[in-house]
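J.: Below is a structure I'd like to ask you about.
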Amino acid sequence: MSAKTYALWGGVILLVLGVIGLFTPGNTLAGLNSEMLEDVIHIVAGAILAYGGWRGTAAQASMWSKVFGVIFLVVGLVGFFDRNIFGLFRVGMGAMDNVVHLIYGVVGVWAGWMKTT
């Protein structure tokens, strides 16, 4: 998978999850944490990634894939030790949230550092 593919589709998925999360009653969406701040973060990250994958160069998509990959890895790891991620989230991350963030992060870092062909 190229960084452009990850950035485009990863960004679109984040955008969709963020928008759906804004309009979902309660604090969970399919078993995942859904708070206003997290939804807004997903929309912003998704927009940057999708733009990088759709209109950006391969180098830009690679950079954003690495940046958000590392951020998602950190959020996933910290979430296992501090559910509220340093007090940012009221409800806090569950194990499933952390696993999803770790997968997103690993794939983003991998795609960002893959050789472009």
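J.: Before rounding to the nearest 500, sum -39500 (n - 2.57) across all DSSP H runs of length at least 4 in the chain and divide by the residue total; then give [θ] at 222 nm in deg cm²/dmol. The partial results should precede the final answer.
T.: On the way: 4 runs with 82 residues, N = 117.
Helix-only estimate at 222 nm: -24000 deg cm²/dmol.
J.: What does the range 3-113 give for Rg and for Dmax, in Å, if only its C-alpha atoms count?
T.: 13.4, 39
J.: Shifting gears a bit: Given H placed 1.01 Å from N in the peptide plane, which residues other than close sequence neighbours of Met93 have an amide H under 5 Å from its amide H?
T.: Correct list: Asn84, Ile85.
J.: Given labels modelled 7 Å from the Cα in the Cβ direction, how far is it in nm from Asp82 to Arg55?
T.: Each label point lies 7 Å from its Cα, and together they span 3.6 nm.
Values in this text are rule-based calculations from the coordinates and carry no lab data. Values in this document were obtained by computation on a predicted structure and should not be read as measured data. When we count neighbours, we look across all protein chains shown, and the Cβ atoms used for this are built from the backbone with ideal geometry, even at glycine.
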